[in-house]
1. Examine the stretch 127-135 for a residue that is open to solvent by 10 Å² or more (accessible area, probe 1.4 Å) and closer than 22 Å to Asn299 by Cα, and state whether such a residue exists.
2. How about the stretch 73-82: which of its residues are open to solvent by 20 Å² or more (accessible area, probe 1.4 Å) and either in contact with a helix residue (DSSP H, G or I) (Cβ under 9 Å, 6 or more places away or on another chain) or modelled with pLDDT of 90 or more (or both)?
3. Are there any pairs, at least 6 apart or on different chains, whose C-beta atoms fall under 8 Å, with the first in the stretch 261-281 and within 14 Å of Met211 (Cα to Cα) and the second β-branched (Val, Ile, Thr) and assigned to a helix (DSSP H, G or I), and if so, which?
4. So how many residues does the stretch 180-196 have that are at pLDDT 85 or above and outside any strand (DSSP E or B)?
5. Test Leu129 against the criterion of being in a helix (DSSP H, G or I), within 13 Å of the chain's Cα centre (by Cα) and within 23 Å of Ile22 (Cβ to Cβ), and give yes or no.
6. Assuming Glu295 fulfils every condition listed in (1) open to solvent by 60 Å² or more (accessible area, probe 1.4 Å); (2) of a type in the set (Asp, Glu); (3) modelled with pLDDT under 85 apart from one, which condition is it?
7. Looking only at residues in the stretch 285-299 that are among the polar types (S, T, N, Q) and outside any loop (DSSP other than H, G, I, E, B), which one is nearest to Met211 (Cα to Cα)?
8. Could you pull out the residue among Phe305, Phe281 that is of a type in the set (Phe, Trp, Tyr), at pLDDT 85 or above, in contact with a helix residue (DSSP H, G or I) (Cβ under 6 Å, 6 or more places away or on another chain) and under 28 Å from Ala171 (Cβ atoms)?
Amino acid sequence: MSEATASHSTREILKKVRTIEIKTRRLISESMMGAYQSAFKGQGIDFEEVREYMPGDDVRSIDWNVTAKMDKPFIKRYREERELSIVLAVDLSASNSFGSTEKSKRELAAELGAVLAFSATRNNDKIGLLLFTDKVEKYIPPNKGRQHVLRVIRDILFYKPEQKGTDIVGALGYLNRLQKRKAVVFLLSDFITEESLAWIRPSTSTKGDLMKSLTLTNQRHDLICVDISDPRETELPNVGIVTLEDAETGELIEIDTGNKKLRQLYTYQNQKRLERMERGFRQSGVDRISISTDEHYINSLRSFFERREHRR
């Protein structure tokens, strides 16, 4: 690549990142910030000590195990950790580059990441990033500051992954080992994995049980799954004979989209995949936000924050 081309490429990258910054900052209204703060307030609480009960203390803080051993009441004291750590775990597998609308799933993930990152920054929280395919591609520890946030957005948009596949279990395992302190983890993915397609085609995956991994991560952190989809993944248009390629395996298949039964089967299979994933999310107790490339995401995000606030 020539120096001029490299310079032009850098300018284009900076322009794109700056455009997203301006757009997302405009979207982060006072109501959005209020919803964010309410959804995550009180999460940063660290245990500090056990001390003897004094008149006026909240009886709900009594540590009954210590009280039984010492034969007099003791309470647990906590220290509020005002800043949270937000980690964006972003799936960069090849299927996330797909988009039948004005933006791809990866571009949508970057915009979502920007909204979350700037919301975190305005709340004095830290933001970190984990990029993965069928391996962990890059990890940026949680930190603060505008330049740090811009770096996070740039990497979500333009980082060139070495692999094409998807291993969510491996990525979450890596995060659980590395992120010792509790964090709010937003997992941004289309969740198109070998496991999610296993009922359609036989799977030889040895990557582990996805739902067990989600449950474990949610026990250690506060996990929120952001399911990013595209309308063409659930409905096949009638455009004649086409050759489709599996973005992650490279497998080619020729189909006649003019065949009504085939289109109906395609819709049915994908609907079953989504239902299976929905059951899994529900059973694992993990929060989920579903967003499509043909919809505006800010209302879904705000509604999610408000739902969490009402649950608290």
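1. Filtering the stretch 127-135 for residues open to solvent by 10 Å² or more (accessible area, probe 1.4 Å) gives 134-135.
The next check asks that each one be closer than 22 Å to Asn299 by Cα; those that pass are none.
Within the stretch 127-135 (the criterion being open to solvent by 10 Å² or more (accessible area, probe 1.4 Å) and closer than 22 Å to Asn299 by Cα), the answer is no, since none of the residues qualifies.
2. If we filter the stretch 73-82 for residues that are open to solvent by 20 Å² or more (accessible area, probe 1.4 Å), which is where we start, we get 73-74, 76-82.
The answer is Pro73, Phe74, Lys76, Arg77, Tyr78.
3. Nothing qualifies.
4. Going residue by residue through the stretch 180-196, those that are at pLDDT 85 or above are 180-191.
Filter once more, so that each one left must be outside any strand (DSSP E or B): 180-183, 190-191.
Adding up the residues that qualify gives 6.
5. On the way: in a helix (DSSP H, G or I): no; within 13 Å of the chain's Cα centre (by Cα): yes; within 23 Å of Ile22 (Cβ to Cβ): yes.
No.
6. The single condition Glu295 does not satisfy is (3).
7. Ser290
8. Working: Phe281 fails: in contact with a helix residue (DSSP H, G or I) (Cβ under 6 Å, 6 or more places away or on another chain).
Answer to the selection: Phe305.
The values are calculated or read from the model by the stated rules, or taken from the named source; none is laboratory data. Keep in mind that this is a model prediction, so the values were computed, not measured. Neighbour counts run over all protein chains shown; Cβ positions are idealised from the backbone, glycine included. Protein only, heavy atoms only, side chains kept; ligands, DNA and RNA dropped before computing areas. Shrake-Rupley method; radii C 1.70, N 1.55, O 1.52, S 1.80 Å.
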